[in-house]
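K.L.:
Structure provided below as structure tokens; questions to follow.
The values are calculated or read from the model by the stated rules, or taken from the named source; none is laboratory data. The structure presented is a predicted model; accordingly, all values stated were derived computationally and were not measured. Here the Cβ positions follow ideal geometry from the backbone for every residue, glycine too, while neighbour counts run over all protein chains shown.
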Amino acid sequence: MKVLDVGCGHGLTGCILAERHPAARVDAQDWSSVLAVAEANAERLGVRDRVRLLPCDAFDVPLDGPYDLIVVGNLLFHFAPDRAAELVRRLAGALKPDGRPVTVGFTTGDQSPAQEPHAHLLGLLLLSWTAGGELHSTEAYGAMPAAAGLTGTELTARPGLPLRVQVAGRSGPS
Ligand SMILES: C[S@@+](CC[C@H](N)C(=O)[O-])C[C@H]1O[C@@H](n2cnc3c(N)ncnc32)[C@H](O)[C@@H]1O
């Protein structure tokens, strides 16, 4: 299983995947200063030999696919919707025909800020910390893979967490 963890940060998503799936090889991509943390986690979890570090901008990094799985965890909200969609399109081109992109992110639903404080607070931080980032709606997250030619998008909420997980594909959910 060939995995790309884009904007991997701490790298734990890819490293835990590698720990649980001995056949998995993970490309962990982020800025070089951040990858030092991911590398330490890969060593700590005993999977360093199957984790390759890709220090680069996610929009420029040469994509050595095709990948079975591309994880985009808490990254797309750093960018404006059209820029985020551009990245999803780029990543879709690096998937195997039956490969899956998994996107994780905070979204707001139809509840008030008082009922979704974490998501709304993150939205406020993105306004001040990023050039164009924003808390994308669930509809916007769904539209990105569709615009990249992917289908069968499934969106799930994680109970007790302000996160949504979206899995897309080319032929439908499984
Ligand atoms: C909020 S963290 C998410 C980390 C991890 N994926 C997770 O789900 O917990 C976002 C990460 O994306 C990285 N990042 C942001 N913009 C990036 C870009 N243009 N290219 C590469 N990495 C980027 C940041 O350095 C940071 O580590």
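K.L.:
Return the total of residues in region 50-72 being hydrophobic (A, V, I, L, M, F, W, C), away from the ligand (no atom under 11 Å from the Cβ) and part of a loop (DSSP other than H, G, I, E, B).
P.N.:
Selection size over region 50-72: 1.
K.L.:
If I ask for residues that are assigned to a strand (DSSP E or B) and touching a Gly at 6+ places or on another chain (Cβ under 9 Å), which ones from region 23-47 would you list?
P.N.:
Val26, Asp27, Ala28, Gln29, Asp30 - these are the residues of region 23-47 that are assigned to a strand (DSSP E or B) and touching a Gly at 6+ places or on another chain (Cβ under 9 Å).
K.L.:
Are there any pairs with C-beta distances below 9 angstrom linking a residue in region 1-30 that is within 14 Å of Gly99 (Cβ to Cβ) and at pLDDT below 95 to a residue that is within 9 Å of the ligand (Cβ to nearest atom) and among the basic types (Lys, Arg), with the two at least 6 apart or on different chains, and if so which?
P.N.:
none
K.L.:
Tell me yes or no: at least one residue of region 77-97 is surrounded by fewer than 20 Cβ atoms within 10 Å (Cβ to Cβ), of a type in the set (Asp, Glu) and more than 15 Å from the ligand (Cβ to nearest atom).
P.N.:
no
K.L.:
If you take the residues in region 7-28 that are crowded, with 24+ Cβ neighbours inside 10 Å and more than 14 Å from Asp68 (Cβ to Cβ), which one is nearest to the ligand (Cβ to nearest atom)?
P.N.:
Cys8
K.L.:
Could you tell me whether any residue of region 31-49 is over 27 Å from Leu127 (Cα atoms), more than 8 Å from the ligand (Cβ to nearest atom) and touching a residue at least 40 places away in the same chain (Cβ under 8 Å)?
P.N.:
no
K.L.:
Out of all the residues in region 139-157, is one or more among the aromatic types (Phe, Trp, Tyr), within 29 Å of Ala94 (Cβ to Cβ) and either in contact (Cβ under 8 Å) with a residue 12 or more places away in the chain or buried (at least 17 other Cβ atoms within 10 Å of the Cβ) (or both)?
P.N.:
There is at least one residue in region 139-157 that is among the aromatic types (Phe, Trp, Tyr), within 29 Å of Ala94 (Cβ to Cβ) and either in contact (Cβ under 8 Å) with a residue 12 or more places away in the chain or buried (at least 17 other Cβ atoms within 10 Å of the Cβ) (or both).
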